[in-house]
Amino acid sequence: MNKDLEILKKFNILYLEDDTNLLKHTSDILEDFVANIYAVKTTIEAMNILLEKRVDVIISDILLENENGINFLKYIKNKNIQIPSILTTAHTDTNYLIEAIKLKVENYLVKPINIEELLESLYDVLLPKIQEKEIRKNSNIIKAIGAITDSKQVEIIKYIFNNLDEKNQFYASYSEIMEKFSISKPTLVKLFKDLADKNILIKTAHKTYFFNEESLENI
């Protein structure tokens, strides 16, 4: 495998499987590669995770005890929950494959699960999300820079965008930024004020700022 699996460490996986041993074995392996693995045995547990946690990919067995993974995916899509999915099954029934294609499931893996194949499938599903995020981030940087006239502040704007967390929050004090860049405090304060005046970067707490992506739409 020549793919950089480090990208998986940024994502959360929901794994739905009613075989206790397989659930534990596969999730124990996956937890070394992803940010979080939420391993559950029923669709009720899976739905609770979807309502409470950020999930980037769903891995689901098709035939669960008294349940069906395909029906679960249909249900969440009807609820407008759009999450990439990988189905696993011990059967190669054509009807299941047709249903998976109709649902636009990203992949369909036959048991016993080959871990390397599963990791490659996760990589293929998640790589476009990484690329899309990078494109959007670079676009936002360009727009934000366009809103600021002082060219000396460009590197600081890039630094802010490169250090946003998953909730678009940035944490730093003026002194911490000044240690990284050769910039005076008045110039730095002016930058943050300009960003705040344009509603791009909103201070929400001490050393905490929220990046308002919507503010860039009309720039």
To the nearest 10 degrees, the tilt of helix 115-146 (Cα long axis) against the first principal axis of the alpha carbons of the chain is 20
Checked against the positive end of the charge dipole of the chain (+1 on Cβ of Lys and Arg, -1 on Cβ of Asp and Glu, about the Cα centre), the farthest of L50, S184, Y159 is S184
For the chain, the charge dipole (Cβ of Lys, Arg +1; Cβ of Asp, Glu -1; about the Cα centre) points to a positive end, and the Cα of I200, N21, I70 closest to that extreme belongs to I200
In deg cm²/dmol, rounded to the nearest 500, the helical mean residue ellipticity at 222 nm of the chain, built from -39500 (n - 2.57) for every DSSP H run of length 4 or more, is -14500 deg cm²/dmol
In degrees, nearest 10, the alpha-carbon axis of helix 185-197 is tilted away from the dominant principal axis of the alpha carbons of the chain by 60
For region 58-118, the per residue accessible area (1.4 Å probe, Å²) is 56
With the convex hull built on the alpha-carbon atoms of region 66-131, volume per residue in Å³ sits at 95
To the nearest 20 debye, the chain has a Cα-centred charge dipole, built from +1 on Lys and Arg Cβ and -1 on Asp and Glu Cβ, of 1220
Highest GNM mean-square fluctuation among L87, L164, L73, for the chain with Cα springs under 10 Å, belongs to L164
Computed over the Cα atoms of region 1-68, the Rg and Dmax in Å are 12.3, 39
Treating only Lys and Arg (+1) and Asp and Glu (-1) as charged, each at its beta carbon, one finds that region 28-105 has a dipole about its Cα centre, in Debye to the nearest 20, of 500
In whole Å, largest first, the alpha carbons of region 31-86 cover along the principal axes 30, 25, 19
With the 1.4 Å probe rolled over protein heavy atoms, region 150-219 has an accessible area per residue in Å² of 62
Kirkwood radius from Cα pairs of the chain plugged into Stokes-Einstein at 37 °C, 0.692 mPa s, gives D in µm²/s equal to 164
antiparallel share of DSSP beta bridges within the chain, to nearest 5, in %, is 35
Quick tally, 1.4 Å probe accessible area for H91, H25, sorted with the most first, runs H25, H91
Rounded to a whole %, the carbon-and-sulfur portion of the accessible area of the chain at a 1.4 Å probe is 49
Of S60, S85, S173, the most mobile residue in a GNM of the chain (C-alpha springs, cutoff 10 Å) is S173
Note on the chain: contact order normalised by length, alpha-carbon pairs under 8 Å, 6 or more apart, percent, works out to 14
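The values are calculated or read from the model by the stated rules, or taken from the named source; none is laboratory data. Keep in mind that what you see is a predicted model, and the values were worked out from it rather than measured. Quick reminder, even Gly has a Cβ in these numbers, built from the backbone with ideal geometry, and neighbours come from all protein chains shown. To get the accessible areas, we keep the full protein, side chains included, count just its heavy atoms, and leave off ligands, DNA and RNA. Shrake-Rupley method; radii C 1.70, N 1.55, O 1.52, S 1.80 Å.
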